[in-house]
Amino acid sequence: MSMTHTRMRYGRTGLNAFSSTNQPTTVTLDNVTLTHLAADGITINGPVTTLTVTNSTFADITNTGIDVSGSSGFNDSGYDATSGPVSVTSSTFDEMRHGVLARDLERPRVQNNSYTDVGADTVEACYRSGWEQVCNNVKSAPLQIFGELDLTRLTGNHGTGNGMNAMIISGRIVAGGIWPSQTWPVVLAGRAVGLPLELDYWHDHNASDRQSSTTIDAGVTVTIPAGTVVKAMHQSYPQVNGSLVVNGTNEAPVSITSIKDDTVGGDTLGDGNATTPAPGDWNGISVADGGTATLDGTEIRYAATALTVADADAELHGSVSSSEAGVISNGGFVDATDVDWGSASGPSPYGSGRSISGGGVFVVPWVGYVAPPKPTSSPPYRPPSNYDCKSIAFVGARGSGEAPQGDPEPNFTDAQDGLGGPVWNMYQGFKDEIAPPGSFAYTVKALGVQYRALGTLSDPTRLLTGASYFDSIYDGVSKVKSLLADEHAHCPNEKFVLAGYSQGALAIHIALRQLASEGSSLISSNRLVAVLLLADPAKVANGAEETWEFDEYYAGGGVRNADGIWTHFSPYDNGPLPSQVSGQTLAFCHNHDVVCSPGFGARVRNHTNYTNDELRHMGSWAGYKVKGQPYPSHL
């Protein structure tokens, strides 16, 4: 059916049609006027609906200008819509309950339409909550779309004087691009089924209703420009399976907020001061396994949890100060630096701001962050009861939280206590290489750096978050320097091998830099013969030291080009290893180790899964350095 330059007036419904697989429906309207209708302008539904409307006028209609629907089901991607092509462009909608209701459609095109006085009158909307019927007076949004969405086909819609000055969307975003540019906000519906969607604003969902209302498909990138306002209805739960890129700035932030928030994007509900926003108005943004979100200059307002990240990657720089909780990481990587958590003390549990939970969330520096002062003193070094001088002293520093622990100082049982598990394995590999049974060329002893090694509660990124951790790190620095000086004073012919894991590697790295700046002879090549740094937080991109990525293999570009978390974020003692020691140093860093190779893809588990073979081969490498021989591997 095709009509052009036609007027349809004073009926009930201008056009009502149904399509089926055996009976497809195609409607084309150009320069058609539908006015003074007691029900709807156009109602068409069915899986093979084809509708094209251009340059047409809809006015003085009791219910809906255009109500068009396809059919729906579920597939491996979840919700699945089926319809023919639907296009509504360059048309006007004036004085009606709804302008366009489009449901279960495949990539509908709704562009450059004007809406005036649509949904301006309140209507009683009711639903059942258990046995009780609940009713509220609500206004309507002129444009509501639920289906498989292509954002490039939803641009240029505008209007004034409508009940809800917004376009409401729900469903799957299957083709990305730039977020639709409107003179009003795009609103994310609170559920993934049903129209009209404004009724959902009042719906108190039960658990089975709490599904993702709007999803970005895997492989799809959605970009939101600076200054954009996105609003969310009650229980809205947008999920990113693909990529979400938000390009907000300090001058023009992007606001993702409650539909009740009138401070940005205007009074979307059109209810004056009748409603006010509150934390928990909507669920927040979720990044699913394999998804990515880069949220620069982004204010996530009035959410239950601003950002939840599964086994995925995200950046957030902006504000979560008005949400109930800040960030939850369920195994992913989150760069949440330069965020306003609602308190200059930082997010809970470090401060009193909005909370973070889970590992791999970087928060330093936050808005209002003041770096803890660099410690000027540490607990005194306690020398061993006897020195038992050997050819080689293997000096090891354990990682964060390794035994023994204690406050303010752990209780160490003997001189080698404090190596920790990974360094102990390095020591065994070194000893097997340099002093195997029956060999008397070298004698070896192990000495633990007996510092606090404060634990980080299974999250090594916490190294940067408070004075206690800085005290622990610099206690390690002081103890490394004191141990070397004391041991050399009592055993002047001993040579040193230094080995550290994580916080212990950091303490050694800083100590070496300080000793070099002091002109100390303790790090000369005739005394310090090898250095082993495992998962060094102070790693510097493209350092001169030899670096492995996995067992006996040189690091690839991902690891070589990475700075460790200390280098990224600490205000103190950053920089490469001194040139005096870089030639005797082996650094080992797994790709995507959250401590020495942070960034998208980094995981805490990659910091804790170094194998015994890898560690023993590090020790063996040091043995070859002592012997002055090249390491015979397949590097």
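Among SER391, VAL187, TYR469, whose Cα projects farthest towards the positive end of the dipole of the chain, with charges put on the beta-carbon of Lys, Arg (+1) and Asp, Glu (-1)?
SER391
Nearest 5 percent is fine: what portion of the DSSP beta bridges confined to the chain is antiparallel?
So the antiparallel bridges in the chain amount to around 10 percent.
Where nothing but the Cβ of Lys and Arg (+1) and of Asp and Glu (-1) is charged, how large is the charge dipole of segment 392-627 around its Cα centre, in debye to the nearest 20?
In total the dipole reaches around 240 debye.
So how far, in whole Å, is the C-alpha centre of segment 14-55 from the one of segment 266-281?
35 Å
Enumerate the calculated ³J(HN,Hα) couplings along segment 376-392 in order (Karplus 6.51 cos²θ - 1.76 cosθ + 1.60, θ = phi - 60°), each rounded to whole Hz, writing x wherever the residue is Gly or Pro.
Those phi angles translate into 9, 8, 9, x, x, 6, 10, x, x, 6, 8, 9, 6, 4, 10, 5, 10 Hz.
Nearest 20 debye, what's the magnitude of the dipole of segment 367-522 about its Cα centre given +1 on Lys and Arg Cβ and -1 on Asp and Glu Cβ?
Once rounded to the nearest 20, the dipole reads 260 debye.
Working from the alpha-carbon coordinates of segment 1-118, get Rg over Rh, Rh being the Kirkwood radius.
Dividing the radius of gyration by the Kirkwood radius yields 0.98.
Mind ranking 524-533, 56-65 by how tightly packed they are, going by the mean number of other C-beta atoms within 10 angstrom, highest first?
So the peptides 524-533, 56-65, ranked by packing, come out 56-65, 524-533.
What helices does the chain have that are whole DSSP H segments, at least 18 Å long along their own axis by Cα, and with mean Kyte-Doolittle hydropathy of 0.5 or more?
For the chain, where a helix must reach 18 Å along its axis and average at least 0.5, the hits are 503-517.
Could you check how much of the accessible area of segment 392-627 is carbon and sulfur, as a whole percent, using a 1.4 Å probe?
Carbon plus sulfur share of accessible area: 48 percent.
Okay, helix-only estimate at 222 nm for the chain: each DSSP H run of n ≥ 4 adds -39500 (n - 2.57), divide by all residues, round to 500 deg cm²/dmol; what do you get?
Rounded to the nearest 500, the figure is -4000 deg cm²/dmol.
Under a straight-distance cross-link criterion of Cα-Cα below 30 Å, which lysines are reachable from LYS260, leaving out those fewer than 8 residues away in the same chain?
In chain and number order, the partners are LYS139, LYS231.
Would you mind pulling out the separation of the Cα centroids of segment 386-409 and segment 555-595, in Å?
If we compute the Cα centre of each part, the gap is 23 Å.
Classify segment 136-180 as rounded, prolate or oblate from the Cα gyration tensor: take a ≥ b ≥ c as the square roots of its eigenvalues, call it rounded if a/c is under 1.5, otherwise prolate when a/b beats b/c and oblate if not.
oblate
Mind putting a number on the dipole of segment 262-376 about its Cα centre? Charges go on the C-beta only, +1 for Lys and Arg and -1 for Asp and Glu, and I need it in Debye to the nearest 20.
So the magnitude is around 480 debye.
Which of rounded, prolate, oblate describes segment 491-564, given a ≥ b ≥ c as roots of the alpha-carbon gyration tensor eigenvalues and a/c under 1.5 marking rounded, otherwise prolate only if a/b is larger than b/c?
Because a/c hits 1.5 or more and a/b exceeds b/c, segment 491-564 counts as prolate.
Determine, from the Cβ-Cβ distance of THR122 and ALA38 and an R0 of 22 Å, the FRET efficiency 1/(1 + (r/R0)^6), rounded to the nearest 0.05.
E(calc), rounded to 0.05, equals 0.65.
Over the chain, what is the relative contact order in whole percent, taking alpha-carbon pairs under 8 Å and six or more residues apart?
7 percent
Along the positive direction of the dipole of segment 1-118 (beta-carbon charges: Lys, Arg +1; Asp, Glu -1; about the Cα centre), which of MET96, THR33, THR50 reaches farthest?
THR33
Can you give me the long-range amide H partners of VAL53? Hydrogens built in the peptide plane at 1.01 Å from N, cutoff under 5 Å, separation of 5 or more residues or another chain.
Amide H to amide H, under 5 Å and 5 or more residues apart or across chains, VAL53 pairs with LEU29, SER87, VAL88, THR89.
So if R0 is 35 Å, what FRET efficiency would CYS491 and THR221 give, r being the distance between their Cβ atoms, rounded to the nearest 0.05?
Efficiency for this residue pair is about 0.05.
I'd like to check one number: the per residue accessible area of the chain, probe 1.4 Å, reported in Å² as a whole number.
Averaged over the residues of the chain, the accessible area is 38 Å².
VAL246's amide H: which non-local residues (gap 5+, or another chain) put their own amide H closer than 5 Å, with H modeled 1.01 Å from N in plane and none for Pro or chain starts?
Here ILE224, THR294, LEU295, ASP296 satisfy the definition.
Which ³J(HN,Hα) values in Hz, rounded to whole numbers, follow from the phi angles of segment 548-557 under the Karplus curve 6.51 cos²θ - 1.76 cosθ + 1.60, where θ = phi - 60° and Gly and Pro get x?
Once rounded to whole Hz, the list reads 9, 9, 8, 3, 6, 10, 4, 5, x, x.
Once you put a point 7 Å from the Cα of SER524 and another 7 Å from the Cα of GLN23, both along the Cβ direction, what distance in nm separates them?
For the pair SER524/GLN23, the computed spacing is 10.0 nm.
Measure off 7 Å from each Cα along the Cα-to-Cβ vector at THR275 and CYS389, then give the distance between these two points in nanometres to one decimal.
Going from the THR275 label point to the CYS389 one covers 8.2 nm.
Probe radius 1.4 Å, ligands and nucleic acids ignored: give me the carbon and sulfur share of the accessible area of segment 1-118 as a rounded percent.
The value for segment 1-118 is 44 percent carbon and sulfur by accessible area.
Given segment 392-627, what percent of its DSSP beta bridges are antiparallel, to the nearest 5?
Among the beta bridges of segment 392-627, antiparallel pairing accounts for roughly 5 percent.
Say the dipole of the chain comes from +1 at the beta carbon of Lys and Arg and -1 at that of Asp and Glu; which of THR160, GLY346, GLY11 then lies farthest toward its positive end?
Of the candidates, GLY346 comes out farthest on the positive side.
Please list, ordered by chain and number, the residues whose modelled amide H lies under 5 Å from the amide H of VAL287; skip anything fewer than 5 residues away on the same chain.
Here VAL240, THR308, VAL309, ALA310 satisfy the definition.
What whole-number value in cubic angstrom gives the convex hull volume per residue for the C-alpha atoms of the chain?
Each residue corresponds to 179 Å³ of Cα convex hull volume.
The values are calculated or read from the model by the stated rules, or taken from the named source; none is laboratory data. Predicted model only: the values in this text are computed from it and were never measured. Note that we place each Cβ from the backbone using ideal geometry, even for glycine, and neighbour counts take in every protein chain shown. The protein model used for the area step is the full one, side chains on, heavy atoms only, and it has no ligands, DNA or RNA in it. Shrake-Rupley method; radii C 1.70, N 1.55, O 1.52, S 1.80 Å.
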